[in-house]
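The values are calculated or read from the model by the stated rules, or taken from the named source; none is laboratory data. Note that the coordinates shown come from a computational prediction; the quantities given were computed from them, not determined experimentally. All Cβ positions, glycine included, derive from the backbone under ideal geometry; neighbour counts span all protein chains shown.
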Amino acid sequence: MGSASVTERRVARRVRKQQRAEAQRPAVTHRRRTLFLVRLLSWRTVSGMIVLGLSIVLYLFLTADAFFVNSVAIGGEKYLSREEIFRDSDIAQRHIFWINADNVESRLEEIPNIADAQVVVGWPPNMVQILVTEREPVLTWEQGVRVWVDVNGIVMKQREDRSDLLRIVAEETADPIGVGSHIPQTVVDGALLLRRRYPNINVLLYDPVKGLGYRHGGGWTIWFGDGTDIDTKLLVYAQIEEQVIKAQGLQPGEVDVSSPDRPYLNVLWRENE
C-alpha cells in the first residue's frame, strides 16, 4: 500500500506539472505574438519616419532657393563684362545639381572673344566659379562693320576703340563680315609682318583678289597678295620704285607684287610726256 501510494503521488505530480505547463503555453505564445507585432509596428514606424525625412530633404534639395544659381564668381575678364559672361554661361536660376561644368565651359568657348573657360561647381550651393581667358586683338578689320581679329584670324566683336591696332579696310568686299568668321592666316601674318617692317603703317587695304594693299604717300597703291613671302615682295617693290618709278619718272596708279616673279605696274603718266 505504501509503495502504491508513493507511485500514485508521483504520477499525480507529473500530471499536475504537465497540466500547468499546458495551461501556461498559450500565454507564452500570446506574449510572443504580441512582442512580434509591437516590434513589427515599431520598425514600420521607424521606416516610415526615415522615408518621410528623406522625402522632405529631397523636396528641399529640389525646391529651396539656396540650391538655385543666382550669381557666380567670375574672373579673368578684360573686355567682356561679368554680366555678359554670366548671361552667356546660361546657368542663371538652374539647380546646382543639374549644372555640368564641361557643358558650361564648351558653351562659353563658343563665344569668339573667349579663348578658354574653366568652370568649377562646388559647395555650398550657389558656389560656381568661372575663369575665362579672352582672345587678344591684333587687328581692327573694317568690312561693313568694325570688328577685332586675333592672331589666329578669329573675328570678334569690337569691345572698345584701340588706336594702337593695325587697321585693315576691305572696301571692295560687299558683304559685312560676321563675328565668329575667320580671316586667312596668311593675311593676318602678312599684315603683322608689314607693320613690323614699317611701324609707321597704320592702315592697310584688303581686296579679295589682290590681297593686302598699302596706299603709298606718292599716290599709288601697292598690292602684296595673300600675305605670303612679304619680305621677298618688299625687295621686289623696292627695286621697282628705285629703278623704274624714280628712274623713269613714272606715276603709277598701282604696283602689284603679289606674284614677285611677275610684278605689274599700272602707269598713269610719265614726267617727260
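Does THR186 fit the bill of being surrounded by fewer than 17 Cβ atoms within 10 Å (Cβ to Cβ), assigned by TED's automatic domain parsing to the domain that holds PHE224, over 23 Å from the mean Cα position of the chain (by Cα) and of a type in the set (Ser, Thr, Tyr)? Considered against the rule, which asks whether it is surrounded by fewer than 17 Cβ atoms within 10 Å (Cβ to Cβ), assigned by TED's automatic domain parsing to the domain that holds PHE224, over 23 Å from the mean Cα position of the chain (by Cα) and of a type in the set (Ser, Thr, Tyr), THR186 comes out as no.
Checked against the criterion of being more than 30 Å from LYS210 (Cβ to Cβ) and either buried (at least 18 other Cβ atoms within 10 Å of the Cβ) or assigned by TED's automatic domain parsing to the domain that holds SER181 (or both), the candidates ILE168, ILE96 yield just one match: ILE96. Considering the range 189-230, the qualifying strands (runs of 3 or more DSSP E), each wholly inside and each with 2 or more residues that are surrounded by fewer than 17 Cβ atoms within 10 Å (Cβ to Cβ), run over 203-207. Apart from one condition, GLU172 fits all of (1) closer than 19 Å to THR140 by Cβ; (2) in a helix (DSSP H, G or I); the exception is (2). Within the range 93-109, residues that are closer than 14 Å to VAL128 by Cα sit with their Cβ atoms under 8 Å from residues that are polar (S, T, N, Q) and modelled with pLDDT of 95 or more, at 6+ positions apart or across chains, in these pairs: GLU105/GLN118.
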